[in-house]
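Undergrad: Have a look at the structure that comes next, please.
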Amino acid sequence: MARASHGVSGGGCFVEIEILPHQGNTRLGWSTDEGDLQAPVGYDHHSYSYRDKDGGAFHQSRVKSYGRPYGPGDIVGMYIHLPRGVKSNTYITLLTPKPPGMTAKLLPVKAVPGSFIEFFVNGASQGRVFEGAIGQGTYYAAASCYHGAEVKFYFGPAFRYPPPPDYKYLPASRLPSLVPSITRKRKKAQEEAEAKLEAMAEPEDGGEGGGLENEIEEEQQEEEEQEEEEEEEEARDDSDYETRREAAPKKPQHRGRRPPPQRTRSRQEEEDDELMDVEMESDDELPPMPPM
């Protein structure tokens, strides 16, 4: 969901949205700042929408038959009316199921008596919807686009198809915005940070040098002390290791080359050796050969 930055909390407001050429689908409507940006308009009880393909009206993921379908080339006008100074004791029934993994509680919202939303397609009214069922809060024009759909917002003050003359409203371009308040907060935080830096940089007790420089020196000194402590701890660990190594029992060491293992002679080898000894003895007993 894409949501505008200018919102209305009382009275009437009007916005136009042009449907650009595309092959997807859209939902157009209104949402408070509590509406889920990761879900389509009309998903929860903080937003209300009008769908293109069937003209259905959505709230809390429930659809109801409303107007005619719209598509590329059409201009959809969105009018919301929130009466001022009206007290309400009626709460919107919470129907939206919690998404998977969601633990936050859905808080009930009071409905505004006399409130309604009205959509126009190329100037033709589709009728009022969500009468007396719009929750209290500040509402912003919003749109959800699917599968490459594109839309273009027109916040006024000039519109292609303005509401009827008897409708009292402000164009969204003249509504108060959340952006200035956010900017003011950021500016205030920046000024406080700069003032703190200036106070740190001022000399302390009329001495020479600034407080900021002294603080930097203190931080450097703390870092050096921390490094020294780490080095001492490493040295103690090395010393403990050497002590444990010396105290450990030493294993016997074999010096020099070990003798090769003796191989057990087989019975056949022993018989062959005995036969060879007999042949050698028989050769020694032969008479010497006569001279030639």
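Undergrad: Find how much the distance from R236 to E131 grows on full extension, using 0.36 nm per residue of separation minus their present alpha carbon separation; answer in nm with one decimal. Intermediate values should be presented prior to the final figure.
TA: Details: separation 105, 0.36 × 105 = 37.80 nm, distance 7.82 nm.
Gain on stretching R236 to E131: 30.0 nm.
Undergrad: How high is the FRET efficiency from K188 to K110, r the C-beta distance, R0 30 Å, rounded to 0.05?
TA: Computed FRET efficiency for K188 and K110: 0.40.
Undergrad: Going by amide H atoms built from the backbone, whose H comes under 5 Å of the H on G55, apart from near neighbours?
TA: Those lying under 5 Å, H to H, from G55 are Y70.
Undergrad: Of the listed peptides 35-44, 120-129, what is their order by residue-averaged count of other C-beta atoms within 10 Å, with the highest listed first?
TA: Ranking, from highest mean packing down: 35-44, 120-129.
Undergrad: Nearest 0.05, what FRET efficiency do R84 and A199 give at R0 = 51 Å with Cβ-Cβ as r?
TA: Numbers: r = 46 Å, r/R0 = 0.90.
Efficiency, from the Cβ-Cβ distance: 0.65.
Undergrad: Say each of S9 and D36 gets a label point 7 Å from the Cα, pointing the same way as Cα to Cβ; how far apart are those two points in nm?
TA: 2.5
Undergrad: I would also like to ask the following. Can you tell me how much longer the chain between E270 and Y91 gets when fully stretched, taken as 0.36 nm per residue apart minus their C-alpha distance, in nm with one decimal? Spell out each step's value before the answer.
TA: Details: separation 179, 0.36 × 179 = 64.44 nm, distance 11.00 nm.
Full extension from E270 to Y91 adds 53.4 nm.
Read the figures in this text as sums done on the coordinates, not as results from a lab. Owing to the predicted nature of the structure, the values given are computational and were not obtained by experimental measurement. Because the Cβ atoms are built from the backbone with ideal geometry, glycine has one as well, and the counts that use them run over all protein chains shown.
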